[in-house]
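Below: the structure, in structure tokens.
The values are calculated or read from the model by the stated rules, or taken from the named source; none is laboratory data. Nothing here was measured: the structure is a model prediction, and the numbers come from that model. Methodologically, a virtual Cβ is constructed for each residue, glycine included, from the backbone with ideal geometry; neighbour enumeration extends over all protein chains shown. These area figures cover heavy atoms from the full protein model, side chains too; ligands, DNA and RNA do not enter into them. Shrake-Rupley method; radii C 1.70, N 1.55, O 1.52, S 1.80 Å.
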Amino acid sequence: MSKRPTYEPHESPSLTPEVRVDLPREASEQERLHLDRPAFRDWLELRVGWYGFVRKNLDEPMPPGVGWWQTLGNLLLTLLMFQFVTGIALAMFYSASPETAHASVKHITFNVTLGSFVRGLHVWGSTLIVVVMVMHTLRVFFWGSYKKPRELTWVVGVLIFQVILGFSFTGYLLPWDQKAYWATVVGTRIAATVPFVGDSLLLLVRGGPEVGALTLTRFYAAHVMLLPAALMGLVAIHLYLVRRHHIAGPVLPQRGRPVPFYPNQLFKDAVVLLVGVGMLIYMAIGFPPALEGIADPTGTDFSPRPEWYFLGLYELLKIMPAGYEMLATVVIPGLISIGMLFLPWLDRSDSRHPARRQWIITSGMAVILLIGLMTLKGILETPPPHEVPGEKEEVVAAK
Amino acid sequence: MSEHEPLLDPIDPQRRKVMGAIVGVINLGLIGAIVGPVVGFAASPMKSKMKETWVELMDEHLIAPGEIKEVNFSMRVVDGYHEVERKYTVFLCRTEEGVLCLDPACTHLGCRVEYQSDRRRFICPCHGGVFDEEGRVKSGPPPKPMDRHPVKIEGGKIWISREV
Ligand code: HEM
Ligand code: FES
């Protein structure tokens with residue numbers, strides 16, 4: 001280790017003063033960086049600052065009490081990587097038109113080598129991201145970590161949340177099967193319930209009066225260009241802010257001094273990644289993604305349903321009396337979004353302790369309970385998906 | 001930052017202000033030049049208009065009084081960059097006033113309703129909308145009766161007009 005002073009931990013207990021005396025004087029970092037023939041790492045360090053950056057991140061202080069709950073953010077980053085990589089792979093075989101979309105996804109699923117697996121990673125990855133993102137949000141909420149000076153970390157997080165939901169909504173249409181088509185017919189009609197501008201908004205979202213070729217290209221452009229670009233920017237800001245303010249400790253400061261991120265927290269992160277990614281792979285293999293029959297605007301044997309995490313909204317729409325659907329489509333989701341965005345300013349208490357911010361915790365729990373119950377109701381009441389019977393055999397046999 | 005020369009002569013504050021303002025204006029122009037065309041382009045479907053087209057469905061005598069018939073037909077419609085044969089469904093029903101043509105899209109959020117002849121009701125599978133045989137809301141969240149398409153009978157054939 002003594003040859004790599006840039007990596008040396010703060011206080012290395014193994015180097016007793018006597019040993020140090022015996023060592024030749026080491027070139028200072030500045031001297032080493034400017035040697036005529038520097039070692040590669042010093043050459044790189046001068047130009048890029050890479051090792052300093054890594055060291056800074058490995059030394060990131062973790063207050064005592066930080067642990068498993070703080071690993072979720074890194075799991076999210078990893079899952080996002082999976083989405084990006086599998087998404088690029090899928091895009092190589094996917095073709096975004098009503099004539100070809102369904103056939104290309106069918107081809108990916110049944111003919112392309114590892115196609116079902118890669119598609120499975122992407123489909124299950126999206127679900128896992130939503131689950132982990134909700135857990136991450138809840139942990140930040142209950143820990144009160146959104147309080148000064150981390151308000152904007154939270155706000156950017158809420159924007160990320162919405163972008164992720166945008167990904168699900170636009171991605172759901174791409175296979176152009178029955179459930180894709182009908183979920184989008186119904187989902188986009190939500191835009192039409194917005195007062196005054198609803199009809200124009202519907203045309204804007206659909207790219208025309210009906211869900212068709214232009215809806216598909218529009219959703220595809222959003223799914224593979226617009227939203228990824230937005231997400232990358234937002235995640236970069238999020239991480240910058242997380243580093244700038246360091247991770248918040250537990251609500252009640254615990255005894256002890258902060259320890260560096262490496263190795264304890266990094267190890268926990270790695271364990272969680274192992275479990276999370278393991279689960280993802282297990283789902284992708286064990287429950288390969290389905291594909292229903294091609295979108296058919298005339299078919300009747302079909303009850304449309306959205307992705308499961310939108311089922312809460314779907315149920316809310318059921319119980320709204322006639323003429324009040326705007327409450328469920330605009331007002332309630334709008335209030336929840338605004339409430340989330342402005343949470344750091346709605347919560348005026350100085351303390352992060354849950355007992356000291358009762359009304360925030362109570363209203364938060366009420367919203368969580370509402371969404372949870374509605375989603376559960378939706379899940380219990382939706383019939384299982386009907387797949388095209390014999391589709392797989394037929395296609396495999398045709399090969 | 002030791003490699004940098006110290007900044008020389010203190011820059012004239014007036015100069016900073018004026019040039020800063022010019023840069024600001026140029027930047028606004030640049031933003032406009034990027035955002036303007038793209039927004040106009042992407043939002044162009046907001047101007048799209050539907051036009052009424054008449055199609056012939058079937059012989060008039062094929063539908064008995066009080067009967068409800070589900071009719072599938074297709075029309076050539078322009079779908080963005082190409083013209084396609086698109087399938088549609090309507091429900092025809094003969095009442096005392098004549099033949100009614102009901103659109104199967106639920107007026108709530110657009111799911112396709114299904115006719116249940118034993119109950120003589122149109123049922124929406126999505127959020128439980130129920131309509132009677134003339135398309136009036138009987139229960140559930142739909143805010144208005146089912147849409148009707150204009151019908152005409154010419155030469156013993158039923159024609160309807162649909163906006164596409
Ligand atoms: C895919 C999306 C997201 C990624 C990749 C991400 C990433 C991260 C990472 C790596 C951390 C530090 C480690 C940790 O606390 O787990 C973090 C912290 C944080 N995140 Fe996120 N996050 C995401 C979504 C969100 C959302 C949706 C919110 C809130 C609505 C949010 C709010 C916060 C806040 C306030 C912190 C600081 C916590 C503290 O200092 O204790 N994040 N995020
Ligand atoms: S779409 Fe028919 S009840 Fe909602």
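Things to note:
- Dipole of the protein assembly as shown, positive end: most advanced residue of A:VAL271, A:PRO98, B:ILE153 [Cβ charges, Cα centre]: A:VAL271
- Across peptide B:79-87, the average count of Cβ atoms from other chains found within 10 Å of a residue's Cβ is 5.
- The calculated FRET efficiency for the pair A:TRP43 and B:HIS4, based on their C-beta separation and a Förster distance of 35 Å, comes to about 0.95.
- Listing of region B:25-61 residues, each with accessible area lower by at least 20 Å² in the full protein assembly than in the chain alone (probe 1.4 Å): B:ALA42, B:PRO45, B:MET46, B:SER48, B:MET50
- Proximal charge balance of A:MET133 [Cβ under 15 Å; K/R count +1, D/E count -1]: 0
- GNM flexibility winner over chain A from A:ALA229, A:ALA366, A:ALA322 (Cα, springs under 10 Å): A:ALA322
- In region A:239-313, trypsin sites (Lys or Arg not before Pro) in a DSSP loop with at most 13 other beta-carbon atoms within 10 Å: A:ARG255
- Backbone phi angles across region A:269-285, fed through the Karplus curve with coefficients 6.51, -1.76 and 1.60 (θ = phi - 60°), yield HN-Hα couplings of 4, 5, 4, 5, 4, 4, 5, x, 5, x, 4, 4, 5, 4, 5, 4, 7 Hz in residue order; Gly and Pro are listed as x.
- Tilt relative to chain B, helix B:13-42 - C-alpha long axis, 0 to 90 degrees, to 10: 20 degrees
- Given charges at Cβ of Lys, Arg, Asp, Glu: the protein assembly as shown dipole, positive-most of B:PRO125, A:GLY293, A:GLY364: A:GLY364
- Value of [θ]222 nm, deg cm²/dmol, for chain A, DSSP H segments ≥ 4, -39500 (n - 2.57) each, nearest 500: -19500 deg cm²/dmol
- Förster radius 45 Å - calculated FRET efficiency between A:ILE88 and B:GLU67 (Cβ-Cβ, nearest 0.05): 0.25
- Candidates per trypsin sites (Lys or Arg not before Pro) in region B:1-102, loop by DSSP, up to 12 other Cβ within 10 Å: B:LYS49, B:LYS51
- By average C-beta atoms within 10 angstrom, highest first, the peptides A:171-181, B:138-148: A:171-181, B:138-148
- Computed over region A:201-350: relative contact order in percent, which uses C-alpha pairs under 8 Å that are six or more apart: 6 percent
- Mean-position separation - Cα centroids, region A:342-373 and region A:232-276, in angstrom: 23 Å
- Split the accessible area of the protein assembly as shown by element, probe 1.4 Å, and carbon with sulfur accounts for 66%.
- Sequence-separation-based contact order of region B:75-144, relative, with Cα cut under 8 Å and 6+ spacing, percent: 19 percent
- Vicinal HN-Hα couplings computed from phi for region B:74-82 (Karplus, 6.51 cos²θ - 1.76 cosθ + 1.60; Hz; Gly/Pro x): 10, 9, 7, 10, 7, 10, x, 8, 8
- A straight chain from B:GLU56 to B:VAL39 at 0.36 nm per residue would run longer than the Cα-Cα distance by 2.1 nm.
- Label-point separation, A:GLN30 to A:HIS353 (7 Å along Cα→Cβ), nm: 4.9 nm
- Per-residue mean of C-beta atoms belonging to partner chains within 10 Å, peptide A:150-162: 0
- Residues of chain A: accessible area per residue with a 1.4 Å probe, Å²: 54 Å²
- Heavy-atom accessible area per residue - chain B, 1.4 Å, Å²: 63 Å²
- Between 0 and 90 degrees, the angle of helix A:101-110 with respect to the longest Cα principal axis of chain A falls at about 60 degrees.
- Within region A:124-161: backbone nitrogen closer than 12 Å to the A:HIS246 label point (7 Å, Cα to C-beta): none
- Overall dimensions of region B:1-48 as given by Cα atoms, namely Rg and Dmax in Å: 19.9, 61
- Shielding by partners - mean other protein chain Cβ count within 10 Å, residues of A:208-214: 6
- The contact between chain B and chain A removes approximately 2800 Å² from the accessible area (both sides summed; 1.4 Å probe; ligands, DNA and RNA excluded).
- Other residues with beta-carbon under 14 Å from the beta-carbon of A:PHE142 carry, at +1 per Lys or Arg and -1 per Asp or Glu, a net charge of +4.
- Think of the protein assembly as shown as a dipole: +1 on every Lys or Arg Cβ, -1 on every Asp or Glu Cβ, centred on the Cα centre; then among A:VAL259, B:ILE22, A:LEU46, A:VAL259 lies furthest on the positive end.
- Among the GluC sites (Glu not before Pro) found in region B:89-127, those both in a DSSP coil and sparsely packed, with 11 or fewer other Cβ atoms within 10 Å of their Cβ, are B:GLU96, B:GLU97.
- Computed FRET value (nearest 0.05) for B:TYR81 with A:ARG257, which takes r as the C-beta separation and R₀ as 56 Å: 0.30
- Nearest 10 degrees, 0 to 90: helix A:115-143 Cα axis against chain A principal axis: 70 degrees
- Protein-only accessible surface order, largest first, of A:MET320, A:MET225, A:MET232 at 1.4 Å: A:MET225, A:MET232, A:MET320
- Cys residues of chain B counted as unpaired, since no other Cys beta-carbon is under 4.7 Å: B:CYS93, B:CYS101
- Local net charge near A:ALA191, Cβ-Cβ under 14 Å (Lys/Arg +1, Asp/Glu -1): 0
- Occluded residues from region A:180-206, i.e. those whose accessible area drops by 20 Å² or more once the chain is not alone (1.4 Å probe): A:TRP182, A:VAL186, A:ARG189, A:SER200, A:LEU203, A:LEU204
- Calculated log₁₀ intensity ratio I(q)/I(0) where the Debye formula runs over C-alpha points of chain A, q = 0.09 Å⁻¹: -0.69
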